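Everything on this sheet refers to the single structure shown next.
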Amino acid sequence: MRILLIEDNKDLGSAVREHLMGDGHAVDWAKDLSEARDNARVVSYELVLLDLYLPDGNGMDYLREMKKQPDSTPVIIVAARYQVEDRIEGLDAGAADYLVKPFHSGELSARIRAVARSHG
């Protein structure tokens, strides 16, 4: 699966990228929304992993922007915002799933498989 990881934390981004590559995925890692938009213009992704707090904007706004597109790529929000209201907002905005940081890498893999099955 071709995945766009949008995460500004270098340690977490590196660990997630390595884990997903170990699962056999092709992963492009964008550290901000500008880089994510540039990547999305030239590459067709099957999944986006999206942090909400990014240096150049709000991931929730980017999610809403993405969901206006006709062939919208599934998005899993991966964020430290753990309140139920935050998760509801993300899911209502169009996310396929919402994973709260910190998380176990095996849970991330399982959620990616579940999204792949439902959007496959």
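The values are calculated or read from the model by the stated rules, or taken from the named source; none is laboratory data. Quick caveat, the model's predicted, so the values are computed rather than measured. We place every Cβ from the backbone using ideal geometry, glycine too, and count neighbours over all the protein chains shown.
Tabulated data
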read-out	value
Scope the stretch 79-112; condition within 15 Å of the chain's Cα centre (by Cα), more than 14 Å from Leu52 (Cα to Cα) and either of a type in the set (A, V, I, L, M) or crowded, with 17+ Cβ neighbours inside 10 Å (or both); matching residues	Ala96, Leu108, Ala110, Arg111, Ile112
Residues of the stretch 83-106 satisfying the condition of being among the aliphatic types (A, V, I, L, M) and touching a residue at least 12 places away in the same chain (Cβ under 8 Å)	Ala93, Ala95, Ala96, Leu99, Val100
The stretch 40-60, residues that are surrounded by fewer than 14 Cβ atoms within 10 Å (Cβ to Cβ), of a type in the set (A, V, I, L, M, F, W, C) and in a loop (DSSP other than H, G, I, E, B)	Val43
Filtered residue count, the stretch 71-120, keeping only those that are farther than 16 Å from Leu12 by Cβ, out of contact with any strand residue (DSSP E or B) (no Cβ under 6 Å at 6 or more places or on another chain) and among the polar types (S, T, N, Q)	3
Candidates Arg37, Arg17, filtered to the one that is surrounded by 12 or more Cβ atoms within 10 Å (Cβ to Cβ), at pLDDT 95 or above and either in contact with a Pro (Cβ under 9 Å, 6 or more places away or on another chain) or closer than 13 Å to Arg2 by Cα (or both)	Arg17
The one condition in (1) modelled with pLDDT of 95 or more; (2) of a type outside the set (Val, Ile, Thr); (3) over 19 Å from Leu99 (Cα atoms); (4) surrounded by fewer than 18 Cβ atoms within 10 Å (Cβ to Cβ) that Arg64 fails to fulfil	(3)
Flag for Ala116 being at pLDDT 95 or above and surrounded by 16 or more Cβ atoms within 10 Å (Cβ to Cβ)	no
Test: residue in the stretch 97-111 that is within 16 Å of Glu7 (Cα to Cα) and in contact with a Pro (Cβ under 6 Å, 6 or more places away or on another chain)	no
Subset of the stretch 20-34 (residues that are among the aliphatic types (A, V, I, L, M) and surrounded by 18 or more Cβ atoms within 10 Å (Cβ to Cβ))	Leu20, Val27, Ala30, Leu33
